Amino acid sequence: MFGNSQAYFSQAVIFLFEHDETSSAGFILNKPTEHRLGRLVGADELCPEFADNILYLGGDVGSDTMHFIHGYSDIQGAQEVVKGVFMGGFEEARHGIRIGSKQAEQFRWFNRYAGWAPGQLEAECQAGVWFAAAASGNVILNSQNLKGRDMWHTILDMMGGDYAALSESVKAAYPEMPRDP
């Protein structure tokens, strides 16, 4: 389905933060990298409050972009994308962490994002490349702290029916696949 250069899309769980007739964009929620923000050149000085936050691979578009999502409704400058999920408000978020009113681990950071041209995502969904599902803020913000395949399987199980059966089939066909850390 995906070429070697796009292997990160295999069993990806993507949160669409934008979708209209001109384009679609989202973050891969279940592809953590081995990097923490405090280890990135520049980020260590720009946002030391988030030094221990894991950086997720958000997609394949915008190599020089960083984004974050969170569940704090009271951060000035943040925009609610879906109920209970916000993007932005960087300076206010940093301030909240410094004074102890916010917790750094409640912010999810992404390098890059996934993007689709007009009609591309719809065509890929119709072709069975992607499965669309509504999700709560808790699922999007990953309150269960699931990663990789574990999150993909959990989401399909939550969707039920044929999706849960697909998850079970994949688990049975590939039992030797290592568990995500």
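The values are calculated or read from the model by the stated rules, or taken from the named source; none is laboratory data. Here the structure is a predicted model, which means the values were calculated and not measured. Here the Cβ positions follow ideal geometry from the backbone for every residue, glycine too, while neighbour counts run over all protein chains shown. These area figures cover heavy atoms from the full protein model, side chains too; ligands, DNA and RNA do not enter into them. Shrake-Rupley method; radii C 1.70, N 1.55, O 1.52, S 1.80 Å.
Odds and ends about this structure:
- Lys102 long-range amide H proximity, modeled H, under 5 Å: Ile97
- Helical content of the chain, expressed as a calculated mean residue ellipticity at 222 nm, amounts to -7500 deg cm²/dmol (DSSP H runs of 4 or more residues, -39,500 (n - 2.57) each, divided by residue number, nearest 500).
- For the chain, the per residue solvent-accessible surface stands at 57 Å², with DNA, RNA and ligands left out and a 1.4 Å probe.
- Rounded percent of accessible protein surface that carbon and sulfur make up, the chain, 1.4 Å probe: 51
- Amide H contacts of Glu18 (H built 1.01 Å from N, under 5 Å, at least 5 apart or other chain): Ala25
- Per-residue packing, averaged as other Cβ atoms within 10 Å, sorts the ranges 56-64, 40-48 into the order 56-64, 40-48, beginning with the highest.
- Helix axis angle, 90-99 relative to the chain longest principal axis, alpha carbon, degrees: 60
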